[in-house]
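Heads up: the structure comes next, in structure tokens.
The values are calculated or read from the model by the stated rules, or taken from the named source; none is laboratory data. Just so we're clear, the structure is a prediction, and the values are computed from it rather than from any experiment. Cβ coordinates were reconstructed from backbone atoms using ideal geometry, including for glycine residues, and neighbour counts include every protein chain displayed. Surface accessibility is based on the protein's heavy atoms, side chains included, excluding ligands, DNA and RNA. Shrake-Rupley method; radii C 1.70, N 1.55, O 1.52, S 1.80 Å.
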Amino acid sequence: MPRTAPTPTATRTALRICPLCEATCGLTLTIEGTRVTGARGDREDVFSKGFICPKGASFGELDADPDRLRTPLVRENGELREATWDEAFDLVAARIRPLIEEHGPNAVGVILGNPNVHTMAGALYPPVLLTLLRTRNLFTASTLDQMPKHVSSGLLFGSAVAIPVPDLDCTDHLLLLGANPLDSNGSLCTAADFPGKLKALRRRGGTLTVVDPRRTRTAQLADRHVAIRPGTDALLLAAIANVLFEEKLTDLGALETHVEQVDEVGEAVRELTPEAVAAACDMDAEEIRTIARELAAAPTAAVYGRVGSSTVEYGTLTNWLVDVLNVITGNLDRPGGALFPLSATDRAPRPAAPGKGFALGRWASRVSGYPEAKGELPMAALAEEIDTPGDGRIRAVISIAANPVLSAPDGDRLDRALAGLDFMVSVDPYLNETSRHADVVLPPPPPSQSSHFDFAFNAFAVRNQARFTPAVVPLEEGRMDECEIQARLVLAVGGMHGAEPSAVDDMVIENTLTKAGAPKELAEQLTGRTGPERRLDMMLRLGPYDLSLDKLLENPHGVDLGPLQPRVPQILKTRSGRIELLPAPIAADLPRLRRALEERTTSLVLVGRRHLRSNNSWMHNVATLNGGSNRCTLQIHPDDAARLGLEDGVPVRITSDGGQVEAPVEITDAVRTGVVSLPHGWGHDRPGTRMSVAAARPGVNVNQLLDGSRLDPLSGTAVLNGFPVDLSPVR
Ligand SMILES: Nc1nc2c(c(=O)[nH]1)N[C@H]1C(S)=C(S)[C@@H](COP(=O)(O)OP(=O)(O)OC[C@H]3O[C@@H](n4cnc5c(=O)[nH]c(N)nc54)[C@H](O)[C@@H]3O)O[C@H]1N2
Ligand SMILES: Nc1nc2c(c(=O)[nH]1)N[C@H]1C(S)=C(S)[C@@H](COP(=O)(O)OP(=O)(O)OC[C@H]3O[C@@H](n4cnc5c(=O)[nH]c(N)nc54)[C@H](O)[C@@H]3O)O[C@H]1N2
Ligand code: SF4
Ligand SMILES: [Mo]
């Protein structure tokens, strides 16, 4: 199905965009026969200009991991056995359709994991699956991650996907909260060589402030590092806003006529003075004032927060305040501030007009009544939706590129719940903690055999650009491209089992052209060799630039589309057609934040961390990435360790409301006092998986400390950072 190179013999090189994180670096792969033997940064790539990190450099090992599944697996008499693709899809159709017909579409839960935003298949087919299936039980990694940003953007701008990104290349001042791009390489801010861009910011005389309870590698680059008490960023940002209003430092600039409710925000943060929040944040009030004044004084500035500002108690409020600050300092939508990218596959902009706004809570989850956000229910509620008896229970699960047994709260409960399903299908290259419960496992080919285009990340990139890389190695005998796997899954679930997978693409193309009012003949002119390529070609042609698939193929290092440009008011889809700075759901959540001033925990609180050579739960199976400093240890400050009598390297029991785990102590003053840190994605010690390297160094699952009940209420996002824990020595 994918465009492939002729079967090669000698050593050669080929270009491939790295799918392993959001930076989307262009790689030059060395290929011997059909095996990738080397990877280096593509210096001519218009976007990444040669940057690469250790994960990208391990592309070959990851690609050739012998534990990758080569054929579908189907469950027979309780055991998984190898099967043909026909057997596998026959079984999916035979088992899912009757469940839908008997119990309705909500009996099927859909789980979409992180790698879906890193594959063409994950961008093109899940939306069709969900349209056909019409289940309300959709769970994605977003509610373990960035849903607070979607909700905040939905409320402020009327579009959950209108996400401003900091103009890293031009800004004079970056206030960065709860992000560690030196290890993560950035998120909701696609920027290859984030480290180089931060260094360049300092070199041109700009300033970097990092707010993080840990002295991360990013914090080490900063002019100012604030080791805040976890979970209190919303208070800090509110106090900064308070100073800007009180000291008359607000200046909306060109946004002035496009924003409403500015004074109301000033009123809402009136009590949240630096003096009022200082103790809660464990900061000096005067330092908060200084940060506010610096932000206002900078010629241009951007406030940017990520995971540590999102997966916290006040996640949506924090994300809202990030953009409030960008707005009231006049930095939203101006070069050097925070701008909305315009990706090559966005619809061509239409004239500004009031939109439909953004609705929250159009339905609620069955068991706990959690409101939907952006059509999703909280991942933390997945287990209870399966294991709580009653009408509307989830009986079957379709899981695509997800490992919630490790990535979501209370994996043990989810593990048991998945084991009790009537039917489960996983699209996954590995038999891991989650896919081991599937009745059918559909393994996509390794990335060298897949074409790549970044539908998702181009919309968050610090520079507009478009790149397409065809598969660099022919599809191996017996393999199926992931686009075809997902198209066939759509057909099997949608009651069209056996139809040609291209029927799915044809249907989408016809619908899209009709909706866009485009000439029907365009369908015949699309040049892709496969359904997904034709869809990409269509989106490029309908998009805002003069692009097509052919043009991208003629420019293998990519097409640069220039720096980010102002997009307000055209991007706004609120009912008023303006930025609604104090949306009602936000105003209603503010009293909870004010109450936080009175609450004070005496426990240690736990935060996560990422390592440059890990990626969530699935890259621990590559020997060159798993080891050295990439370890599952509990980091603790020397003072806390001394107080508790803990020694370096000795195991400690960590207890929280959801459960307990044991991990070796690592004493380091890189975490502040009162805070401990344990990374996520570990805990590879369950039976029935097939990840031999990971299993040999399993680590523990930090999410076993959580029972799933701690959520940011507006977005349903799990609180994965800043929850209380107790430590006790292991005897
Ligand atoms: N405590 C704590 N928990 C966290 C986080 C945290 O910071 N702290 N971070 C959260 C965040 S930000 C996220 S995004 C989630 C991620 O959590 P998940 O969305 O569950 O993602 P992963 O853990 O990366 O697991 C990805 C799965 O996709 C499979 N996969 C890999 N490549 C492909 C492919 O090309 N195609 C398909 N079909 N499958 C593929 C892998 O084998 C694996 O099963 O974890 C969250 N969990
Ligand atoms: N190497 C590597 N790269 C990755 C991933 C990976 O697992 N490994 N995962 C990818 C994914 S899915 C994502 S979403 C991105 C995430 O990218 P980032 O958002 O940069 O994620 P983290 O590295 O987890 O950084 C979060 C930081 O927040 C801090 N923190 C915790 N609690 C608080 C708090 O209450 N306040 C403040 N101010 N800070 C706090 C933590 O100490 C941590 O340093 O990374 C992506 N890239
Ligand atoms: S920074 Fe991200 S995209 Fe770039 S090489 Fe590393 S893993 Fe790949
Ligand atoms: Mo994520």
message = Regarding segment 307-326, can at least one residue be identified that is farther than 20 Å from I163 by Cβ and assigned to a helix (DSSP H, G or I)?
response = no
Residue hits (segment 416-456; surrounded by fewer than 24 Cβ atoms within 10 Å (Cβ to Cβ), within 29 Å of L342 (Cα to Cα) and touching a His at 6+ places or on another chain (Cβ under 9 Å)) are H452, A456
| message | Yes or no: segment 515-534 includes at least one residue that is outside the structural domain of L342 (by TED's automatic domain parsing), in contact with a strand residue (DSSP E or B) (Cβ under 7 Å, 6 or more places away or on another chain) and crowded, with 19+ Cβ neighbours inside 10 Å. | response | no
Screening E376, E385 for residues that are open to solvent by less than 10 Å² (accessible area, probe 1.4 Å) and closer than 28 Å to G681 by Cα leaves only E385
Over segment 18-47, the set of residues under 20 Å from P445 (Cα atoms) and among the basic types (K, R) is R35
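In segment 389-401, how many are within 16 Å of ligand 4 (Cβ to nearest atom) and open to solvent by less than 10 Å² (accessible area, probe 1.4 Å)? Give the derivation first.
Here is the first cut: in segment 389-401, the residues within 16 Å of ligand 4 (Cβ to nearest atom) are 400-401.
From what is left, the residues that are open to solvent by less than 10 Å² (accessible area, probe 1.4 Å) are 400.
The total comes to 1.
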Within segment 435-465, residues under 20 Å from the mean Cα position of the chain (by Cα) and either of a type in the set (A, V, I, L, M, F, W, C) or within 16 Å of ligand 4 (Cβ to nearest atom) (or both) come out as F453, D454, F455, A456, F457, A459, F460, A461, V462
Of the residues in segment 98-114 that are within 16 Å of ligand 4 (Cβ to nearest atom) and open to solvent by 20 Å² or more (accessible area, probe 1.4 Å), the one that is nearest to R136 (Cα to Cα) is L112
Query - Any chance T290 is within 16 Å of ligand 4 (Cβ to nearest atom) and either hydroxyl-bearing (S, T, Y) or at pLDDT below 95 (or both) - result: no
> Would segment 181-190 turn up any residue that is over 30 Å from L235 (Cα atoms) and in contact (Cβ under 8 Å) with a residue 24 or more places away in the chain?
Replying inline: no
Counting only helices (runs of 4 or more DSSP H) wholly inside segment 216-300, the ones holding at least 1 residues that are among the aromatic types (F, W, Y), touching a Gly at 6+ places or on another chain (Cβ under 9 Å) and open to solvent by less than 50 Å² (accessible area, probe 1.4 Å) are 233-246
Check: When you look at G178, is it within 16 Å of ligand 3 (Cβ to nearest atom) and touching a residue at least 12 places away in the same chain (Cβ under 8 Å), yes or no?
Finding: no
For segment 528-540, pairs from a residue that is closer than 16 Å to Q486 by Cβ to a residue that is among the acidic types (D, E) and modelled with pLDDT of 95 or more, with Cβ under 6 Å and 6 or more apart or across chains, are G531/D505; R535/D505
Among helices (runs of 4 or more DSSP H) entirely inside segment 359-471, those with 3 or more residues being hydrophobic (A, V, I, L, M, F, W, C) are 382-387, 411-419
If you go through P166, P230, P213, P181, the only one that is closer than 23 Å to V675 by Cβ, within 16 Å of ligand 2 (Cβ to nearest atom), touching a Cys at 6+ places or on another chain (Cβ under 8 Å) and not charged (D, E, K, R) is P181
Over segment 615-631, the set of residues closer than 26 Å to V117 by Cα and either more than 21 Å from the chain's Cα centre (by Cα) or not small (G, A, S) (or both) is N615, N616, W618, M619, H620, N621, V622, A623, T624, L625, N626, N630
Across segment 597-618, the tally of residues that are within 12 Å of ligand 3 (Cβ to nearest atom) and closer than 20 Å to L235 by Cα stands at 0
**Prompt:** Based on what the data block shows, is A461 surrounded by 23 or more Cβ atoms within 10 Å (Cβ to Cβ), closer than 30 Å to Q565 by Cβ and in contact with a strand residue (DSSP E or B) (Cβ under 7 Å, 6 or more places away or on another chain)?
**Reply:** yes
Within segment 181-192, of all residues that are open to solvent by less than 10 Å² (accessible area, probe 1.4 Å) and of a type in the set (A, V, I, L, M), the one farthest from ligand 3 (Cβ to nearest atom) is A191
The helices (runs of 4 or more DSSP H) lying entirely within segment 1-111 that contain at least 3 residues which are away from ligand 1 (no atom under 16 Å from the Cβ) are 85-103
Pairing a residue in segment 32-47 that is modelled with pLDDT of 95 or more with any residue that is open to solvent by 80 Å² or more (accessible area, probe 1.4 Å), where Cβ atoms lie under 6 Å and the two sit 6 or more apart in sequence or on different chains, gives E32/T11
